[in-house]
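S.K.: Pasting in a structure now, in structure tokens, and then I'll have a few things to ask.
The values are calculated or read from the model by the stated rules, or taken from the named source; none is laboratory data. Fair warning: this is a prediction, and the values are worked out from it, not measured in the lab. Counting neighbours? That spans all protein chains shown, and the Cβs are built from the backbone with ideal geometry, glycine included. In case anyone asks, the SASA skips ligands and DNA or RNA and just uses the protein heavy atoms, side chains included. Shrake-Rupley method; radii C 1.70, N 1.55, O 1.52, S 1.80 Å.
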Amino acid sequence: MLKNDIGAILIAAGLVTKDEYEAHRAQAAQAGQSVIAYMLAQNYVTPEALAQAYASYMHVPFVEKVTDKMTDINVLGKIPLKFLRENTVMPALVEDKLTILTANPMQFQPLDELNLLLGGNVPFAVSTPKIIIDAINKYYPLEGTKQMIEELAEEKTGLEEVEFTDIDERDIVGQQAEAPVIKLINHILYQAVKQNASDIHIEPYEKELSVRYRIDGKLYIVMSPPKRIQDALISRIKIMANLNIAEKRIPQDGRIDLRIAGKPVDIRVSILPVQFGERVVMRILDKSRSFSRLQDMDFSKRDYQVIMAAINRPNGIIYVTGPTGSGKTSTLYAVLAELNKPDVNIITVEDPVEYQMKGVSQVQVRTKIGMTFAAALRSILRQDPDIVMIGETRDQETAQIAIQAALTGHLVLSTLHTNNAPASITRLLDMGVEPYLLASSVELAMAQRLVRRLCPLCKKVYKPSASELKSIGLDEKQAAAITFYKPVGCDECANTGYKGRLAIFEMMQMTPEIAKLTMERANTTLLRQQAIKDGMTLLAQDGLRKVIEGLTTIEEVLSVATLDGEAEEIEV
């Protein structure tokens with residue numbers, strides 16, 4: 001097949017007419033691109049449609065997902081990682097037969113080279129570049145943890161002889177011929193990204209060193225490197241984060257910018273002196289991630305209408321509350337993504353700026369030089385913003401400026417640390433904000449928590465016990481109409497039974513009744529009772545809705561929220 005047959009492939013698949021193809025080819029030539037690159041960039045064709053067209057025309061399989069059963073790490077390990085990623089090819093078992101997966105079957109040379117490496121006469125199948133690259137990143141075998149730790153245990157090199165090279169732009173996945181400690185750090189970082197960990201904990205104890213990953217909100221022990229390499233390990237991390245390697249008495253914070261498995265990753269490093277050394281926590285922020293859309297965040301119909309009405313107002317304050325790690329910032333970014341348009345001026349003040357958003361001006365708080373939330377906010381309001389996001393309302397000054405901004409025609413988004421939505425009003429009153437200002441400026445207070453999402457491939461139907469039903473306010477008659485699921489565990493979810501997380505919500509609008517109670521400085525209990533009368537769904541009730549929908553489990557909901565006697569009966 002000749003390279004110019006791409007037109008025939010697209011026409012045969014019904015993706016373009018002959019005239020359209022000729023027009024695209026001419027425009028691609030003017031832009032200095034191949035016709036396929038041009039059509040993909042202009043969204044005239046999707047990667048999925050293109051891959052299916054290749055497969056159909058060439059009578060080969062189209063692979064829409066690569067699973068554990070389709071990969072053989074021994075075969076993968078025989079082929080250089082760089083070759084696989086540069087040519088978007090990989091060996092896989094398709095219908096139990098060794099096959100070459102490719103995103104571009106018209107690119108003959110890498111297919112021929114890989115065919116020879118695999119012994120010849122290996123058929124090929126087609127998939128999209130994303131599916132293939134994701135599979136390579138997930139399944140390509142790095143040096144095993146056990147073997148690496150055994151080598152380190154036998155290593156005679158002392159800390160003074162370990163060579164720390166400068167960090168550069170190389171992807172750490174390719175750095176396999178480095179000093180043992182450097183290799184171990186690379187391995188820890190790569191495996192964390194591979195397993196979608198949000199944090200890495202390196203914890204020193206009297207006789208051992210522990211490395212744990214936080215995955216979907218839970219901590220898992222992944223390895224215990226030799227205690228004697230502790231100082232070398234911590235020093236390497238300090239060098240990567242541009243911290244003082246000689247200072248071991250006070251906490252230090254830094255950041256590392258790396259590429260891991262092709263992804264640009266920002267790592268926030270926190271080092272804390274403890275009894276047996278220095279404890280390190282590294283938070284992993286994937287710069288390439290896309291922002292959630294509000295319509296995809298599992299809101300109930302009522303809650304979705306409430307939040308959309310609030311964010312489409314020209315002014316007012318929306319507070320998102322919850323403990324650290326409950327997804328507040330992600331929700332605010334989803335709101336900003338919804339509001340981010342060319343005719344709107346959006347400015348944020350954050351500590352730290354976690355994700356970069358195109359079209360949004362983001363200000364980093366720097367307390368040491370006086371750049372506090374309040375100081376930044378005062379300057380922001382002179383920048384003619386339409387929408388302002390404040391990473392966190394921590395004190396009266398910040399709250400006061402935010403309220404004045406809301407009262408002068410700005411939409412303000414912020415977070416608070418409270419246990420539930422009604423408590424946000426009480427918290428602001430405790431800060432010293434006047435009740436009449438809250439009643440006239442706050443539009444919505446929403447609380448949220450994160451629960452683990454059941455793995456759709458292995459979840460299993462079961463019948464809850466009477467005590468479980470009681471804990472979520474259901475009787476056996478109500479439960480009879482519901483299908484409950486429990487986690488099982490499979491290769492896809494690393495045998496945890498859960499894959500990913502979702503949020504549960506509680507939304508309190510500033511109704512006339514809530515405003516009246518605010519003016520009277522009513523306590524949280526009274527505000528909560530009135531909010532329920534006004535239609536607010538409690539965190540546990542929203543969690544139960546997601547249990548009923550088969551998204552999570554009773555146990556997960558009860559780990560972050562509880563029902564009490566003040567809650568109304570739940571409709572099933």
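S.K.: Pick from the stretch 353-364 the residues that are in a loop (DSSP other than H, G, I, E, B), surrounded by fewer than 18 Cβ atoms within 10 Å (Cβ to Cβ) and touching a strand residue (DSSP E or B) at 6+ places or on another chain (Cβ under 6 Å): which of them is modelled with the lowest pLDDT?
M.R.: Glu354
S.K.: Given (1) part of a loop (DSSP other than H, G, I, E, B); (2) open to solvent by 50 Å² or more (accessible area, probe 1.4 Å), where does Pro225 come up short, assuming only one miss?
M.R.: Pro225 satisfies every listed condition except (2).
S.K.: I'm told Pro105 meets every condition in (1) closer than 17 Å to Lys130 by Cβ; (2) open to solvent by less than 40 Å² (accessible area, probe 1.4 Å); (3) touching a residue at least 40 places away in the same chain (Cβ under 8 Å); (4) under 31 Å from the mean Cα position of the chain (by Cα) except one. Can you identify the failing condition by its number?
M.R.: (4)
S.K.: Scan the stretch 377-396 residue by residue and report those that are of a type outside the set (Ser, Thr, Tyr), open to solvent by less than 60 Å² (accessible area, probe 1.4 Å) and not in a helix (DSSP H, G or I).
M.R.: Pro385, Ile387, Val388, Met389, Ile390, Gly391, Glu392
S.K.: Taking the options Val45, Val94, Val63, name whichever one is surrounded by 14 or more Cβ atoms within 10 Å (Cβ to Cβ) and either among the small types (Gly, Ala, Ser) or more than 29 Å from the chain's Cα centre (by Cα) (or both).
M.R.: It is Val94.
S.K.: Here is a follow-up. Would you mind telling me which numbered condition in (1) without any contact (Cβ under 8 Å) to a residue 60 or more places away in the chain; (2) closer than 30 Å to Lys263 by Cα Leu413 fails?
M.R.: Single failed check for Leu413: (1).
S.K.: Determine which single condition Met519 fails, assuming it passes every other condition in (1) of a type outside the set (Asp, Glu); (2) touching a Phe, Trp or Tyr at 6+ places or on another chain (Cβ under 8 Å); (3) open to solvent by 10 Å² or more (accessible area, probe 1.4 Å); (4) under 23 Å from Asp298 (Cα atoms).
M.R.: (4)
S.K.: For Asn242, only one of the following conditions fails: (1) polar (S, T, N, Q); (2) closer than 23 Å to Asn340 by Cβ; (3) in a loop (DSSP other than H, G, I, E, B); (4) more than 21 Å from the chain's Cα centre (by Cα). What is its number?
M.R.: Unmet for Asn242, out of (1) polar (S, T, N, Q); (2) closer than 23 Å to Asn340 by Cβ; (3) in a loop (DSSP other than H, G, I, E, B); (4) more than 21 Å from the chain's Cα centre (by Cα): (2).
S.K.: Another one. Got a sec? Which of Val193, Val181, Val211 is at pLDDT below 90 and under 23 Å from Cys493 (Cβ atoms)?
M.R.: Exactly one residue qualifies, and that residue is Val193.
S.K.: On to the next question. Which residues, counting only those in the stretch 73-88, are assigned to a loop (DSSP other than H, G, I, E, B) and surrounded by fewer than 15 Cβ atoms within 10 Å (Cβ to Cβ)?
M.R.: Within the stretch 73-88, Gly77, Lys78, Pro80 meet the criteria.
S.K.: A follow-up question, please. Out of Pro456, Pro464, I need the residue that is within 21 Å of the chain's Cα centre (by Cα) and assigned to a loop (DSSP other than H, G, I, E, B). Which one?
M.R.: Just a single option satisfies the conditions, and that option is Pro456.
S.K.: Quick one: in the stretch 109-134, of everything that is assigned to a loop (DSSP other than H, G, I, E, B) and touching a residue at least 12 places away in the same chain (Cβ under 8 Å), which residue is nearest to Ala261 (Cα to Cα)?
M.R.: Across the stretch 109-134, the extreme among qualifying residues is Thr128.
S.K.: From Gln478, Gln530, which residue is under 27 Å from Thr418 (Cα atoms) and among the polar types (S, T, N, Q)?
M.R.: After ruling out the rest, the residue left standing is Gln530.
S.K.: I'd like to check something: does the stretch 416-437 contain any residue that is modelled with pLDDT of 90 or more and touching a Gly at 6+ places or on another chain (Cβ under 7 Å)?
M.R.: No: zero hits.
S.K.: When the stretch 334-378 is examined, which residues are found to be within 23 Å of Ile256 (Cα to Cα) and charged (D, E, K, R)?
M.R.: Across the stretch 334-378, the qualifying residues are Glu350, Asp351, Glu354, Lys358, Arg366, Lys368.
S.K.: Now, a different point. Checking Tyr57 against (1) open to solvent by less than 50 Å² (accessible area, probe 1.4 Å); (2) in contact with a helix residue (DSSP H, G or I) (Cβ under 6 Å, 6 or more places away or on another chain); (3) in a helix (DSSP H, G or I): exactly one of these is not met. Which one?
M.R.: It is condition (1) that Tyr57 fails.
S.K.: Which of the residues spanning the stretch 298-338 are aliphatic (A, V, I, L, M) and either in contact (Cβ under 8 Å) with a residue 60 or more places away in the chain or touching a His at 6+ places or on another chain (Cβ under 7 Å) (or both)?
M.R.: Val306, Ile307, Ala310, Ile311, Ile317, Ile318, Val320, Leu332, Val335, Leu336 - these are the residues of the stretch 298-338 that are aliphatic (A, V, I, L, M) and either in contact (Cβ under 8 Å) with a residue 60 or more places away in the chain or touching a His at 6+ places or on another chain (Cβ under 7 Å) (or both).
S.K.: From the residues in the stretch 5-24 that are within 38 Å of the chain's Cα centre (by Cα) and part of a helix (DSSP H, G or I), which one is surrounded by the most Cβ atoms within 10 Å (Cβ to Cβ)?
M.R.: Only one residue tops the list, namely Leu10.
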